[in-house]
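Q: The structure follows.
The values are calculated or read from the model by the stated rules, or taken from the named source; none is laboratory data. Note that this is a predicted model, so its numbers are computed, not measured. Because the Cβ atoms are built from the backbone with ideal geometry, glycine has one as well, and the counts that use them run over all protein chains shown. Surface areas here come from the heavy atoms of the whole protein model, side chains and all, with no ligands, DNA or RNA. Shrake-Rupley method; radii C 1.70, N 1.55, O 1.52, S 1.80 Å.
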Amino acid sequence: VQLVESGGGLVQAGGSLRLSCSASGLTFSRYAMGWFRQAPGKEREFVAVISRSGGTIYYADSVKGRATISRDNPKNTVYLQMNSLKVEDTAVYYCAADSLYASSRRNDYDYWGQGTQVTVSS
């Protein structure tokens, strides 16, 4: 199984980024897909999750109203659109696959990508 994130980079505060996560080696439509992030010196935290069909979506309070998670099952890809970025959004962003349900808990996830760096400058 391989999850590969892309789309990170350096952006000014107030800007936008669209992260992508391409999955291979698994039946993508059978997995809920989540996004997490980890800032330097902090624990990895939940950002958003989308269920297998896309019918259930949850966001962390810190990104609610600024983030949109979506998925394209035929393309085996999950996306995270982040708008109105803040300096505190700076982190490595990871996608992860959960075979059971759309969870916000790190330990529920079966597979993880290597992450993509998002840096927001003031």
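Q: Express the relative contact order of the chain as a whole percentage, based on alpha carbon pairs under 8 Å and six or more residues apart in sequence. Could the numbers behind the result be given before it?
A: Values: 317 pairs, mean separation 44.3, N = 122.
Relative contact order comes out at 36 percent.
Q: Let me ask you something else. Heavy atoms only, probe 1.4 angstrom, no DNA, RNA or ligands counted: give me Leu10, Leu3 ranked by accessible area, highest first. Present the calculation step by step, with values, prior to reporting the outcome.
A: Values: Leu10 135, Leu3 10 Å².
Solvent-accessible surface, decreasing: Leu10, Leu3.
Q: Then there is this: So with the 1.4 Å probe, I'd like the accessible area per residue for the chain, rounded to whole Å².
A: Details: 6180 Å² over 122 residues.
For the chain, the solvent-accessible area averages 51 Å² per residue.
Q: Based on DSSP loop calls and a cut-off of at most 13 other Cβ atoms within 10 Å, the longest stretch of the chain free of exposed trypsin sites (Lys or Arg not before Pro) is what? All intermediate terms of the calculation are to be shown ahead of the outcome.
A: Numbers: sites that count: Lys42, Lys64, Arg105.
My reading of the result: 1-41 is the longest stretch.
Q: Hey, any idea what % of the chain's accessible area is carbon plus sulfur with a 1.4 Å probe? Provide the component values of the computation, followed by the final result.
A: Numbers: 2740 of 6180 Å².
Of all accessible area on the chain, carbon and sulfur atoms account for 44 percent.
Q: Given 10 Å bins starting at zero, what is the percent of C-alpha pairs of the stretch 1-41 in each, up to the one with the largest pair distance?
A: 20, 46, 25, 8
Q: Now a separate question. For Gln114 paired with Ser22, estimate the spin-label separation in nm (one decimal), with each label point 7 Å from Cα along the Cα-to-Cβ line.
A: Those two pseudo-labels are separated by 1.3 nm.
Q: Residue separation times 0.36 nm, minus the C-alpha to C-alpha distance between Tyr101 and Ser84: what's the value? If you can, show how the numbers build up before the last one.
A: On the way: separation 17, 0.36 × 17 = 6.12 nm, distance 2.90 nm.
Contour length minus the Cα-Cα distance gives 3.2 nm.
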